[in-house]
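First up is the structure itself, then whatever we jot down about it.
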Amino acid sequence: MEIIRTVEALKKWRSSFNESVGFVPTMGALHEGHSTLIKRSVSDNSKTIVSIFVNPTQFLAGEDLNTYPKKEESDRKICELLGVDAIFMPEISTMYSDDEVLISAPNIRGYILEGHSRPGHFDGVLQVVMKLLNLVQANNAYFGKKDAQQLALIEQMVKNYFLSVNIIAVDTVRQNDGLALSSRNAYLSENERKEALKLSRSLKEAAHLFQVGENNCSVIKVKMLEVLDGLDVEYVSIVDRSFKEIENIEQNNTIVLVTARVGATRLIDNIWI
Ligand code: AMP
């Protein structure tokens with residue numbers, strides 16, 4: 001497995017073969033969620049490259065950029081074990097210069113929900129993903145449904161900018177008790193981890209209510225908030241796959257999202273119905 005740190009080395013690696021390339025962009029501190037994306041890429045493609053880069057432009061002032069978990073040694077081992085061919089680990093100065101041409105998230109879909117809570121976050125996400133997709137020139141790039149709005153915006157960017165990569169969406173990986181895996185779970189105390197289960201429980205409740213015949217989103221949101229009682233809920237939202245708020249759940253076209261703070265940790269989760 002090659003560790004690549006420069007643009008020149010990455011381009012050299014990429015031009016050394018013609019087989020299909022799968023790409024898994026991450027911010028490191030790899031867990032089973034990331035591993036699932038990587039396994040999928042390894043099985044779909046001849047070569048797999050993972051990027052590990054804590055992208056500063058997607059963090060707002062006061063967020064956890066400086067304390068974001070770093071686990072370089074174990075990340076390398078995980079990638080090696082999973083059969084990854086290369087890891088791209090650039091420095092910030094390799095990825096960014098002064099006064100750059102910018103990519104902006106769309107005015108509406110980029111500024112609702114996560115984009116409303118974290119204005120400018122998706123500009124930074126799209127900027128770095130555009131750079132990485134251009135550098136890697138992958139056939140397939142893998143993203144988690146856990147970050148549903150991010151996934152939708154990346155799909156839109158690929159379409160709007162006529163990029164030729166296929167974006168592959170991968171289901172959210174959870175622990176046995178339902179907690180969605182996240183690098184930020186490392187911030188949770190034992191007690192907070194128990195409280196954090198309310199997010200996945202509220203989503204399960206929404207799916208259950210729909211299964212037993214309730215499709216009114218207002219009713220479902222009230223029930224979800226009951227499950228979330230005690231948490232600092234930022235939003236509960238039910239949207240269609242184009243991220244428009246809907247009044248009634250429609251099978252195969254709905255995403256139920258929840259974001260809440262558990263102690264100081266901000267967690268997001270969602271379920272696709
Ligand atoms: P991150 O390192 O948090 O930027 O995540 C890198 C990629 O892994 C993104 O496409 C995420 O959506 C995806 N991911 C993170 N957590 C999970 C999870 N629990 N299940 C599936 N994909 C995930």
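Here are the numbers for the structure shown:
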read-out	value
Residues that are charged (D, E, K, R), more than 18 Å from Lys244 (Cα to Cα), in a loop (DSSP other than H, G, I, E, B) and within 17 Å of the chain's Cα centre (by Cα), drawn from segment 82-134	Arg118
Residue match in segment 150-166 (condition: in a strand (DSSP E or B), in contact with a helix residue (DSSP H, G or I) (Cβ under 9 Å, 6 or more places away or on another chain) and either polar (S, T, N, Q) or within 26 Å of Ala29 (Cβ to Cβ) (or both))	yes
Hits in segment 198-247 - residues which are polar (S, T, N, Q) and in contact with a helix residue (DSSP H, G or I) (Cβ under 7 Å, 6 or more places away or on another chain)	Ser202
Residue in segment 92-99 that is touching a strand residue (DSSP E or B) at 6+ places or on another chain (Cβ under 6 Å) and open to solvent by 30 Å² or more (accessible area, probe 1.4 Å) present	no
Hits in segment 66-81 - residues which are outside any helix (DSSP H, G or I) and either within 12 Å of the ligand (Cβ to nearest atom) or under 16 Å from the mean Cα position of the chain (by Cα) (or both)	Tyr68, Pro69, Lys70, Lys71
Within segment 149-186, considering residues that are of a type in the set (A, V, I, L, M, F, W, C) and without any contact (Cβ under 8 Å) to a residue 24 or more places away in the chain, the one farthest from the ligand (Cβ to nearest atom)	Phe162
Among (1) in a loop (DSSP other than H, G, I, E, B); (2) open to solvent by less than 40 Å² (accessible area, probe 1.4 Å); (3) among the polar types (S, T, N, Q) - the single one Ser51 does not satisfy	(1)
Residue identified as out of contact with any Lys or Arg (no Cβ under 7 Å at 6 or more places or on another chain), within 26 Å of Gly120 (Cα to Cα) and either surrounded by 14 or more Cβ atoms within 10 Å (Cβ to Cβ) or not acidic (Asp, Glu) (or both) among Thr36, Thr57	Thr57
Residue that is nearest to Asn107 (Cα to Cα), among those in segment 215-228 that are surrounded by fewer than 16 Cβ atoms within 10 Å (Cβ to Cβ) and touching a residue at least 24 places away in the same chain (Cβ under 8 Å)	Ser218
Test result for Lys221, out of contact with any strand residue (DSSP E or B) (no Cβ under 8 Å at 6 or more places or on another chain) and charged (D, E, K, R)	no
Residue in segment 21-38 that is farthest from the chain's Cα centre (by Cα), counting only those that are part of a strand (DSSP E or B) and within 8 Å of the ligand (Cβ to nearest atom)	Val24
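Let's see how each residue does on (1) on the phi > 0 side of the Ramachandran plot; (2) in contact with a helix residue (DSSP H, G or I) (Cβ under 8 Å, 6 or more places away or on another chain); (3) modelled with pLDDT under 95:
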{"residue": "Thr94", "(1), (2), (3)": "no, yes, no"}
{"residue": "Leu113", "(1), (2), (3)": "yes, yes, no"}
{"residue": "Gly120", "(1), (2), (3)": "yes, no, no"}
{"residue": "Val129", "(1), (2), (3)": "no, yes, no"}
{"residue": "Asn140", "(1), (2), (3)": "no, yes, no"}
{"residue": "Ile168", "(1), (2), (3)": "no, yes, no"}
{"residue": "Asp171", "(1), (2), (3)": "no, yes, no"}
{"residue": "Gly178", "(1), (2), (3)": "yes, yes, no"}
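The values are calculated or read from the model by the stated rules, or taken from the named source; none is laboratory data. On a predicted model such as this, the values are computed, not experimentally measured, just so you know. FYI the Cβ positions are ideal-geometry reconstructions off the backbone, even for glycines, and counts take in every protein chain you see. These accessible areas exclude ligands, DNA and RNA; they are computed on the full protein's heavy atoms, side chains included. Shrake-Rupley method; radii C 1.70, N 1.55, O 1.52, S 1.80 Å.
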